[in-house]
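The values are calculated or read from the model by the stated rules, or taken from the named source; none is laboratory data. Quantities reported herein were computed from a predicted structural model and do not represent experimental measurements. In this analysis, Cβ positions are derived from the backbone assuming ideal geometry, glycine residues included, and neighbour counts consider all displayed protein chains. Ligands, DNA and RNA are stripped out before the accessible areas are found, and what is left, the full protein with its side chains, is counted by its heavy atoms. Shrake-Rupley method; radii C 1.70, N 1.55, O 1.52, S 1.80 Å.
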Amino acid sequence: MEVSMAIRRVGVLPIQELRGLLAPEWIDGISADFLNPASIDVPISAQVYRLTGTFIPGRGRTVEALLRTGEIPNSKFSLDYPLEVGVEYLIKAQASFCLPSHVYAYANPKSSTGRINLSVGLLADKMSLRDALEAGFQGDVWYLVRADSFPVKLTAGQALSQLRFFNHHTVMDAEDMEIAYKKQPFLYVKTGQACVYKEVAVEQSGSLYFTLDLGEECAGWEALHTNRVLDYAGRAHRPEDFFRPVMVEKRPGGHRWLPLQKGRFFILSTTEWLRVPPQFSVELRSNDERMGHFHTHRAGYVDPGWGWGEAGERKGQPITLEVIAHENLEIRTGQPVARFRVERMREVPDVAYQRGSSNYTDQILARLSKHFLPVAV
């Protein structure tokens, strides 16, 4: 990446520009193996601490200094052991950063961490926000990690989060979203028809709605609270050891409902099939509390080209939601449960999403993480 070049386009940096950032003078410690079409995976190191609670460094403070002075109570921890449920851990990333003055970044957990209810946040030296690197950032980054359903065994070198890099804020507003949608719809039903814009648009926000797919008897999965250890390096865990199916209820009048118990974690699927043209990327946003008290995603980032195919021949594919209920909920067919916004890419990535290494390019129903044997719900 020629960081001295004149900025003619703005938006999310694609893989062909991210390659240039993987140099000791910009990002040291990450190889090209961790590149995605529009993000860079951030691997963990073996430097781990057990904490009594989460924190944010704040302006002028490095994480190392807070640990060294004891301001943040901690004890050293070894990844030879699994992460305990409900305990906060601090893990240093295998990377240091010295970003160009016009480049900043946001972090999103990987889908494979979100789908096992592993809470992941990124801290950066001298920053007052989580999951953010300001333009020109210099320093180290750290993970805040917590297993919320079952113990998880990690290994140094594994990536739990990804960074997206920007040179300008390019989220589409309501007017631009409507224009873009009418040219190339972002949402379809499974039969291939485009959703009507006014039926999926969040009024005056530029965001679009998802609803839950309750068309099948089984809607997805509910995480078990178990002492079984999930090895993050594993690819053949049995679903029934960590999850159980969650069933839809048919009620008077022929309506379909899904009861969600407070405090439980669910893997569910959207009714709408998302199609992201390669000149855009998508981020799921926090819900408006007027929709109900629940959380719908742990990860929340969708690559350019999702549900697009090689040349636009596909009509989308559903999104897997990681839902945490903060009250006992009764979700009905057609009820909005999640929303997303669309961002412009600086350029179309030169590696199509369909040709990448994602484990979820063919998901149709609620899909468990890559750690599990394939199984139909």
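The number of residues in the stretch 136-190 being open to solvent by less than 20 Å² (accessible area, probe 1.4 Å), hydrophobic (A, V, I, L, M, F, W, C) and outside any strand (DSSP E or B) comes to 7. In a residue-by-residue description of the stretch 6-14, the property of being modelled with pLDDT of 95 or more, open to solvent by less than 20 Å² (accessible area, probe 1.4 Å) and not in a loop (DSSP other than H, G, I, E, B) applies to at least one position. Number of residues in the stretch 244-294 that are closer than 18 Å to Leu329 by Cα, under 18 Å from the mean Cα position of the chain (by Cα) and in a strand (DSSP E or B) equals 7. You will find that of Gly121, Gly86, the residue that is within 23 Å of the chain's Cα centre (by Cα), open to solvent by 10 Å² or more (accessible area, probe 1.4 Å) and under 30 Å from Phe243 (Cβ atoms) is Gly86 and no other.
Residues checked against (1) of a type in the set (Phe, Trp, Tyr); (2) surrounded by 13 or more Cβ atoms within 10 Å (Cβ to Cβ); (3) modelled with pLDDT under 95:
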residue	(1), (2), (3)
Phe243	yes, yes, no
Val248	no, yes, no
His255	no, no, yes
Lys262	no, no, no
Leu268	no, yes, no
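Within the stretch 15-34, the only residue that satisfies the criterion of being surrounded by 20 or more Cβ atoms within 10 Å (Cβ to Cβ) and part of a strand (DSSP E or B) is Ile27. Any residue in the stretch 351-365 that is of a type in the set (A, V, I, L, M, F, W, C), under 28 Å from Val103 (Cβ atoms), at pLDDT below 95 and not in a strand (DSSP E or B)? Checking the stretch 351-365: at least one residue is of a type in the set (A, V, I, L, M, F, W, C), under 28 Å from Val103 (Cβ atoms), at pLDDT below 95 and not in a strand (DSSP E or B).
Answer yes or no as to whether Phe280 is out of contact with any helix residue (DSSP H, G or I) (no Cβ under 6 Å at 6 or more places or on another chain), on the phi < 0 side of the Ramachandran plot and open to solvent by 20 Å² or more (accessible area, probe 1.4 Å).
On the way: out of contact with any helix residue (DSSP H, G or I) (no Cβ under 6 Å at 6 or more places or on another chain): yes; on the phi < 0 side of the Ramachandran plot: yes; open to solvent by 20 Å² or more (accessible area, probe 1.4 Å): yes.
Taking the combined requirement at face value, the residue satisfies it.
Would you mind stating whether His169 is in contact with a His (Cβ under 9 Å, 6 or more places away or on another chain) and either in contact (Cβ under 8 Å) with a residue 24 or more places away in the chain or over 28 Å from Gly263 (Cβ atoms) (or both)? Criteria not met by His169.
Name the residue, out of Glu327, Glu272, Glu283, Glu289, that is within 26 Å of Phe150 (Cα to Cα) and among the acidic types (Asp, Glu).
Working: Glu272 fails: within 26 Å of Phe150 (Cα to Cα); Glu283 fails: within 26 Å of Phe150 (Cα to Cα); Glu289 fails: within 26 Å of Phe150 (Cα to Cα).
Answer to the selection: Glu327.
Screening the candidates Val248, Val276, Val302 for the property of being among the aliphatic types (A, V, I, L, M) and in contact (Cβ under 8 Å) with a residue 40 or more places away in the chain yields one hit, Val276.
Considering only the stretch 306-348, state which residues are open to solvent by 20 Å² or more (accessible area, probe 1.4 Å), touching a residue at least 12 places away in the same chain (Cβ under 8 Å) and assigned to a loop (DSSP other than H, G, I, E, B). Reasoning before the result, please.
Residues of the stretch 306-348 open to solvent by 20 Å² or more (accessible area, probe 1.4 Å): 308, 310-311, 313-315, 324, 326-328, 330, 332-336, 339, 341, 344, 347-348.
Subsequent filtering for residues that are touching a residue at least 12 places away in the same chain (Cβ under 8 Å) retains 308, 310, 314-315, 324, 326-328, 330, 332-336, 339, 341, 344, 347-348.
Result: Trp308, Glu310, Arg314, Lys315, His326, Glu327, Asn328, Thr333, Gly334, Gln335, Glu347, Val348.
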